[in-house]
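The values are calculated or read from the model by the stated rules, or taken from the named source; none is laboratory data. Keep in mind it's a predicted model, so treat the numbers as computed, not measured. Cβ atoms come from the backbone with ideal geometry, glycine included; neighbour counts cover every protein chain shown.
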Amino acid sequence: EAGVVQSPRYKIIEKKQPVAFWCNPISGHNTLYWYRQNLGQGPELLIRYENEEAVDDSQLPKDRFSAERLKGVDSTLKIQPAELGDSAVYLCASSPQGVGETQYFGPGTRLLVL
Amino acid sequence: SQQGEEDPQALSIQEGENATMNCSYKTSINNLQWYRQNSGRGLVHLILIRSNEREKHSGRLRVTLDTSKKSSSLLITASRAADTASYFCATDTGRRALTFGSGTRLQVQP
C-alpha cells in the first residue's frame, strides 16, 4: 500500500514569494490533515478535511494561507506571500475516517524562506 | 497550544539499555498515541492506548496510561542504535485532531 505522498520535499524561496505544497493521501482515507512543524517542536494542526470539506481551519493564518482538497482526494496548501517565520516543515497526514484515529504521515516539505 | 508535554526533552543511552520517556497532558482524553520521527522524515505511529486501558505492549514497546495523573510513559526495552529518533505523544480529546507534545529526542549510542 502506497503511503502519503508529498511534494516537493524541499523548497527555498525569498520572502514575499508564493509557494505551494501538494499532498496525495492514502487511497480511501477520508480525513486529511496539514500540520506545521517548527524546529524542535511537535506538529501543530493547520487544517483538517473530512472528504472535501474543511472542518477545522481555526489555526490556519487565513490572511496568507489557503488550502483546497478538490474531489476529496489530493490537497494543496498555499502560502502567499511567504514570510521569514513560515520556514518550517509542512506535514500532510491522513486517516481512514474521523479524529482520534491513527494518522499516517507523509515525509513532509521542508520550507526555507530567505 | 500543546496539550502533551514530554519529559525529558533529550535522552542519551547505550545500546541495550532501556529508555523511558514520559508525557503529561492537561484535559480528558479518548486516547493517547505515541509517534516516532527519524531525522528529516515524517512521523510513524507506534502505539495507541485508550482512556480505559492502563498498559499496552507492542514488541519492545510498553506504554502505560494513568488518567488520574494525566500522564503516560513509553518504555523501549533493549534499545538499538536504530531507535535513535524523536518520540512524540499525541492526545485525542474527541474535539479536534491530535495535539502533539514537543517530543523527546532519544540518542542510542552503539
Condition check for A:Phe65: within 14 Å of the chain's Cα centre (by Cα), surrounded by fewer than 20 Cβ atoms within 10 Å (Cβ to Cβ) and either on the phi < 0 side of the Ramachandran plot or hydrophobic (A, V, I, L, M, F, W, C) (or both): yes
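Mind checking which strands (runs of 3 or more DSSP E) fall wholly inside segment B:1-60 and carry at least 1 residues that are without any contact (Cβ under 8 Å) to a residue 60 or more places away in the chain?
Numbers: elements: B:5-7, B:10-14, B:19-24, B:31-37, B:43-50, B:55-58.
So the answer is B:19-24, B:31-37, B:43-50, B:55-58.
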Segment A:16-32: number of residues that are assigned to a strand (DSSP E or B) and buried (at least 18 other Cβ atoms within 10 Å of the Cβ): 6
Every residue from segment A:76-114 that is within 14 Å of chain B (Cβ to nearest Cβ) and of a type in the set (Gly, Ala, Ser): A:Ala88, A:Ala93, A:Ser94, A:Ser95, A:Gly98, A:Gly100, A:Gly106, A:Gly108
Filter result (within 30 Å of A:Tyr10 (Cα to Cα) and either within 14 Å of chain A (Cβ to nearest Cβ) or in contact with a Gly (Cβ under 9 Å, 6 or more places away or on another chain) (or both)) within segment B:41-86: B:Arg41, B:Gly42, B:Leu43, B:Val44, B:His45, B:Leu46, B:Ile47, B:Arg80, B:Ala85, B:Ser86
Members of segment B:61-72 that are surrounded by 15 or more Cβ atoms within 10 Å (Cβ to Cβ) and either at pLDDT below 95 or part of a strand (DSSP E or B) (or both): B:Leu61, B:Arg62, B:Val63, B:Thr64, B:Leu65, B:Ser71, B:Ser72
Within segment B:80-108, considering residues that are in a loop (DSSP other than H, G, I, E, B) and surrounded by 21 or more Cβ atoms within 10 Å (Cβ to Cβ), the one farthest from the chain's Cα centre (by Cα): B:Ala97
Selected residue (criterion: farthest from B:Glu5 (Cα to Cα)) from residues of segment A:35-44 that are at the interface with another protein chain (Cβ under 10 Å from one of its Cβ atoms) and in a strand (DSSP E or B): A:Tyr35
Some residue of segment A:80-94 being at positive phi and assigned to a loop (DSSP other than H, G, I, E, B): no
Tally, over segment A:45-58, of residues that are closer than 15 Å to B:Leu98 by Cα and either surrounded by 17 or more Cβ atoms within 10 Å (Cβ to Cβ) or more than 10 Å from every other protein chain (Cβ to nearest Cβ) (or both): 8
Residue count for segment A:27-55, restricted to those that are over 14 Å from the mean Cα position of the chain (by Cα) and of a type in the set (Val, Ile, Thr): 1
Single unsatisfied condition, B:Thr27 versus (1) among the β-branched types (Val, Ile, Thr); (2) more than 11 Å from every other protein chain (Cβ to nearest Cβ); (3) buried (at least 18 other Cβ atoms within 10 Å of the Cβ): (3)
